[in-house]
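Trainee: For reference, the structure I am asking about is given below.
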Amino acid sequence: MEHGICKLCREDKPLCSSHIIPEFLYRPLYDDNHRAIEVSLIPKKAHLLQKGYREPLLCFECEQRINKYEVYFRDIWYEKKKLPPVVMRQYVEINGIDYTLFKLFHLSIVWRASVASRKEFGQVQLGPHEDSMRRMLLEGNAGNENQYGLLVAVLVDSATNTVRSDLIIEPVSTRVENHKAYLFVFGGCGWYYCISNHPSPPFVRRLFSKTGTLYAIKVDWLKFPLVKNFAQRFRNRFAVEEAPGSRK
């Protein structure tokens, strides 16, 4: 086990091989041999991925601290199926969510992406918010609805209305109104994390609150901006690689 400074508690300890996006979120992508095809815009050959990205980030104690948020999300999202596998209406209302555990799970995702060194997460740069989130995770403090708001789009196949849980795409920097945000795709949804020194937009605050209710909009996955942009950029990269005289 590698020794170093834990990114969360900042103590010098043995470090675990920490995942950035939890392994259970990759499971819908794997085939019968526990393999998924990795497609990346970073110049490298596509290869079979047998587990999610990891690197030495956290000590054992901090891994356990973060793990309780992951266990909660996995339980409600996959075991209790709070997000139904088929969505017929134009929005989804999900009730009975523990605001603190759910929000800290999502803060842990965007925070780990920011502190990670892997190029796949290079667009996630929290700046001063990195330490703010670190302290929130360390203290188990999810903040209020004004701080780090969450906007959710459920990605469905328009022909069948089934949720596309088999997608994980490199996160990108974007904007929600005048607020900087980071967009991740996993768990059948596009997750917009609003990162700003100012309160989250009023409509975002109403979409997920301490009442334990989450509202998510239904979106055709093929029309979702991140999916469309990724597909177009990958097609462009493929065309360049296949052009006469290009280097293989």
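Quick grid of which residues meet (1) at pLDDT 85 or above; (2) exposed (fewer than 13 other Cβ atoms within 10 Å of the Cβ); (3) within 21 Å of Val115 (Cα to Cα); (4) among the aliphatic types (A, V, I, L, M):
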{"residue": "Lys7", "(1), (2), (3), (4)": "yes, no, yes, no"}
{"residue": "Leu15", "(1), (2), (3), (4)": "yes, no, yes, yes"}
{"residue": "Asp32", "(1), (2), (3), (4)": "no, yes, no, no"}
{"residue": "Leu41", "(1), (2), (3), (4)": "no, no, yes, yes"}
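Trainee: Specify which of the listed residues (Val86, Val110, Val92, Val71) is of a type in the set (A, V, I, L, M, F, W, C) and modelled with pLDDT under 95.
Mentor: Matching residue, one of Val86, Val110, Val92, Val71: Val92.
Trainee: Hey, among the residues in region 75-96 that are surrounded by 18 or more Cβ atoms within 10 Å (Cβ to Cβ) and under 20 Å from the mean Cα position of the chain (by Cα), which one's farthest from Ser108 (Cα to Cα)?
Mentor: Selected residue: Val92.
This table checks each residue for (1) surrounded by fewer than 21 Cβ atoms within 10 Å (Cβ to Cβ); (2) of a type in the set (Ser, Thr, Tyr); (3) modelled with pLDDT under 90.
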| site | (1), (2), (3) |
| --- | --- |
| Ser158 | yes, yes, no |
| Glu177 | yes, no, yes |
| Lys180 | yes, no, no |
| Val185 | no, no, yes |
| Cys194 | no, no, no |
| Phe203 | yes, no, yes |
| Leu222 | yes, no, yes |
| Lys228 | yes, no, yes |
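Trainee: Among the residues of region 156-174, which ones are in contact with a strand residue (DSSP E or B) (Cβ under 6 Å, 6 or more places away or on another chain) and either among the charged types (D, E, K, R) or farther than 19 Å from Glu120 by Cα (or both)?
Mentor: Val156, Ser158, Asn161, Thr162, Val163, Arg164
Trainee: Right, another one. So the check is Cβ under 9 Å with 6+ separation or different chains; which pairs have a first residue in region 5-26 that's more than 12 Å from Ser108 (Cβ to Cβ) and touching a residue at least 12 places away in the same chain (Cβ under 8 Å) and a second one that's of a type in the set (Gly, Ala, Ser) and buried (at least 21 other Cβ atoms within 10 Å of the Cβ)?
Mentor: Filtered contacts from region 5-26: Leu25/Gly187.
Trainee: Within region 98-133, take every residue that is within 12 Å of the chain's Cα centre (by Cα), outside any loop (DSSP other than H, G, I, E, B) and among the β-branched types (Val, Ile, Thr) and give me the one that is surrounded by the most Cβ atoms within 10 Å (Cβ to Cβ).
Mentor: Ile109
Trainee: Could you say which residue among Glu120, Glu93 is among the acidic types (Asp, Glu) and over 19 Å from Pro22 (Cα atoms)?
Mentor: None of the others qualify; the one that does is Glu93.
Trainee: Six or more apart or on different chains, Cβ atoms under 6 Å: show the pairs whose first residue is in region 134-157 and part of a loop (DSSP other than H, G, I, E, B) and whose second is at pLDDT 95 or above and not β-branched (Val, Ile, Thr).
Mentor: Taking only residues 6 or more apart or on different chains, the pairs are Ala142/Lys103; Ala142/Leu104.
Trainee: Determine, yes or no, whether Lys45 is modelled with pLDDT under 95, within 29 Å of Gly122 (Cα to Cα) and over 19 Å from the mean Cα position of the chain (by Cα).
Mentor: yes
To keep it simple, each residue is scored yes or no on (1) more than 20 Å from Gln90 (Cβ to Cβ); (2) in contact with a Ser or Thr (Cβ under 9 Å, 6 or more places away or on another chain).
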residue	(1), (2)
Ser158	no, no
Ile168	yes, no
Val172	yes, no
Tyr182	yes, yes
Trp191	no, no
Cys194	yes, yes
Arg205	yes, no
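Trainee: Does region 210-219 hold any residues that are surrounded by 15 or more Cβ atoms within 10 Å (Cβ to Cβ) and more than 19 Å from the chain's Cα centre (by Cα), and which are they?
Mentor: Thr213
Trainee: Looking only at region 57-67, decide whether some residue is touching a Phe, Trp or Tyr at 6+ places or on another chain (Cβ under 9 Å), surrounded by fewer than 18 Cβ atoms within 10 Å (Cβ to Cβ) and either in a loop (DSSP other than H, G, I, E, B) or at pLDDT 90 or above (or both).
Mentor: No: zero hits.
The values are calculated or read from the model by the stated rules, or taken from the named source; none is laboratory data. Because the structure is predicted, anything quoted here is derived from the model rather than measured. Ideal geometry is used to build each Cβ from the backbone, glycine not excepted, and the neighbour counts take in all protein chains shown.
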